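Below: one structure, written as structure tokens.
Read-outs throughout are calculated quantities, based only on the coordinates presented, and are distinct from any laboratory measurement. Model, not experiment: these values are computed from the prediction. As a convention, Cβ positions derive from the backbone with ideal geometry for all residues, glycine included, and neighbour counts pool all protein chains shown.
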Amino acid sequence: MKIAIENQKIGPAIDLLSKITLKGTKSRHRTKMKNHLLSAQKEFEDQFDQLLKEHCYLDDEGNPEKTSDGQHYHIKDVEDFKAARQELMEESYILEGGNAWGYLKTMKAVFLELDMELNGADADAYDCLCDEFEKMEVDEKGA
């Protein structure tokens with residue numbers, strides 16, 4: 001039993017999990033899933049920082065140098081950076097087996113039965129998570 005979430009969708013998934021009102025075991029399992037995703041988000045942010053260091057000019061302290069307006073980074077090769085960033089954004093974080101089995105089973109039921117209005121980023125995150133939980137269903141049947 002596993003789900004895969006692209007790095008770029010982890011933050012919205014965390015936000016959505018935070019908005020769902022649950023009680024008891026469902027709430028505890030949501031917290032476990034959210035905590036694993038928070039760790040994944042931190043790992044993604046660290047990897048993005050490393051990517052910036054690899055593709056930007058660095059200041060005297062070894063940090064990515066910002067442009068004169070202070071809003072952007074001074075990137076050496078923009079196209080190369082964009083390709084590397086896109087690859088990182090589309091990489092997936094896998095939640096599976098072991099300790100994840102119990103909370104994934106619970107959260108699958110929560111999401112596939114969720115009856116709340118969603119829009120924008122929440123609706124997108126919901127769709128992404130439901131797609132993954134539905135794939136779990138197919139995997140469980142051995143298809």
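Using Cα atoms only, what is the angle between the long axis of helix 78-90 and the major principal axis of the chain, expressed in degrees (0 to 90) to the nearest 10?
Value to nearest ten degrees: 20.
Between Q8 and T25, with labels modelled 7 Å along Cα→Cβ, what's the label distance in nm to one decimal, could you check?
It is 3.7 nm.
Identify the trypsin sites (Lys or Arg not before Pro) of segment 70-123 meeting these criteria: DSSP loop state and at most 13 other C-beta atoms within 10 Å of the C-beta.
K76
Can you tally the lysine pairs in segment 51-114 where the Cα-Cα distance is under 25 Å and the two residues are eight or more apart, or on different chains?
Lysine pairs meeting both conditions in segment 51-114 amount to 5.
Hey, what did the chain get for relative contact order, percent, Cα under 8 Å, at least 6 apart?
Relative contact order here is 43 percent.
Which percent of the Cα-Cα distances in segment 1-46 go past 14 Å?
Distances greater than 14 Å cover 51 percent of the Cα pairs.
Determine, from the Cβ-Cβ distance of E96 and Q47 and an R0 of 30 Å, the FRET efficiency 1/(1 + (r/R0)^6), rounded to the nearest 0.05.
0.90
What is the ratio of the Cα radius of gyration of segment 42-83 to 2.2 N^0.38 Å, with N the residue count, to two decimals?
My calculation over the Cα atoms of segment 42-83 gives 1.13.
Quick one: putting +1 on the C-beta of Lys and Arg, -1 on the C-beta of Asp and Glu, what dipole do you get for segment 52-143 around its Cα centre, in Debye to the nearest 20?
200 debye
Find which of T67, T25, Q50 sits farthest along the positive direction of the dipole of segment 1-68, computed with +1 on the beta-carbon of Lys and Arg, -1 on that of Asp and Glu, about the Cα centre.
Towards the positive end, the residue furthest out is T25.
Counting other Cβ atoms within 10 Å, which chymotrypsin sites (Phe, Trp or Tyr not before Pro) in segment 36-143 have at most 13 and lie in a DSSP loop?
Sites meeting the loop and neighbour criteria: Y57.
Just flag the GluC sites (Glu not before Pro) in segment 37-136 sitting in loop per DSSP whose Cβ has no more than 10 other Cβ atoms within 10 Å.
Sparse-neighbourhood loop GluC sites (Glu not before Pro): E61, E113, E117.
Would you please classify the overall shape of the chain from the alpha carbon gyration tensor, given that a ≥ b ≥ c denote the square roots of the eigenvalues, rounded means a/c under 1.5, and beyond that prolate means a/b larger than b/c while oblate covers the rest?
Prolate shape, in that a/c is at least 1.5 and a/b is the bigger ratio.
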